[in-house]
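Structure, as structure tokens:
Throughout, read-outs are computed from the coordinates displayed, never taken from laboratory work. No experiment lies behind these values; they were computed from the predicted model shown.
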Ligand SMILES: [Zn+2]
Ligand SMILES: [Zn+2]
């Protein structure tokens, strides 16, 4: 079968034996290229395994599923609290980084990774469940309510999914985006124009110091900044503004479980309620045989790419 791996620093489709061993076999239907894949590729972190942590497919009986690509040890206090994204064992067991990910014809996953899709959600679009879960988790940590005004800094896939989830919560949401295509997508998803009136919650969805500074400027006194973008390096803090306004900065990483519901389950349900999302954010679909083109398109902001997806 085919799998996308890093060969000489480039994402390349190689022929590998089908996965063997314990687990549930999933036939891949869609796998998204994530900004962190681009970054990890550059850092040389994706050298051993099949790439891809945003993916969905079908079980052998045909039922569609999305995949939660992380798991903790399951036994420590952190895992039992539902915060398995913080468990030290999690970093050692992530599909894409420490085991084979989803850019392949078939993937073998542990049974707990399966996220059943509600009726009406196509596995071809369900690679969006993972980035939606990033937003669900961040807003859960921030205690987002429908009466709050939200600004999102960054019009990439993380910013757009944050917009879509906050709209579903009932919030009025504005997006600060750099590119025309990102602004158009945000409008389709119900964003209102950005104003200078301060916001209750500002989402930092760009992962840069300038976005964090902009977020602090737009946040109201006593408000919250939710950091959904990953900081790979130290970033400068807009210290004076954070202090004077007593802003709470809420970093957020991946997803976990709140009571019986995983953020991934909530995200799958959310996708069923936002049928316009796939059309608005999946800007490119490439065959599994063209990963170099897919990654180059995702890396080139001028291409108009928001979410680039690989398909079998
Ligand atoms: Zn990702
Ligand atoms: Zn644990």
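In table form, for the structure just shown:
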quantity: Cα centroid separation, the stretch 1-35 to the stretch 225-273 (Å); calculated: 29
quantity: The chain - mean residue ellipticity at 222 nm from DSSP helices (-39,500 (n - 2.57) per run, n ≥ 4, rounded to 500); calculated: -8500 deg cm²/dmol
quantity: Taking the stretch 187-301 and dividing mean pair separation by its residue count, relative contact order in percent (alpha carbons under 8 Å, at least six apart); calculated: 20
quantity: Residue of 80, 124, 140 that the Gaussian network model of the chain assigns the largest fluctuation, springs spanning Cα pairs under 10 Å; calculated: 80
quantity: Highest-MSF residue in the chain out of 155, 190, 120 [GNM, Cα springs under 10 Å]; calculated: 120
quantity: Fluctuation leader among 27, 245, 224 - the chain, Gaussian network, Cα springs under 10 angstrom; calculated: 245
quantity: Prolate/oblate/rounded call for the stretch 132-251, Cα gyration tensor, a/c under 1.5 rounded; calculated: rounded
quantity: Antiparallel bridge percentage (DSSP; both residues within the chain; nearest 5); calculated: 55
quantity: Equivalent ellipsoid semi-axes, the chain, via Cα gyration tensor eigenvalues times 5, rooted, Å; calculated: 31, 21, 19
quantity: Angle between the chain longest axis and helix 129-142 axis [Cα atoms, degrees, rounded to 10]; calculated: 30
quantity: For the stretch 159-221: rounded, prolate or oblate by the Cα gyration tensor [a/c cutoff 1.5]; calculated: oblate
quantity: Cα-based shape type of the stretch 20-137, given that a ≥ b ≥ c are square roots of the gyration tensor eigenvalues and the cut on a/c is 1.5; calculated: rounded
quantity: For the stretch 131-147 versus the stretch 74-92, the gap between their alpha-carbon centres in whole angstrom; calculated: 20
quantity: The chain - percent relative contact order, Cα under 8 Å, separation 6 or more; calculated: 20
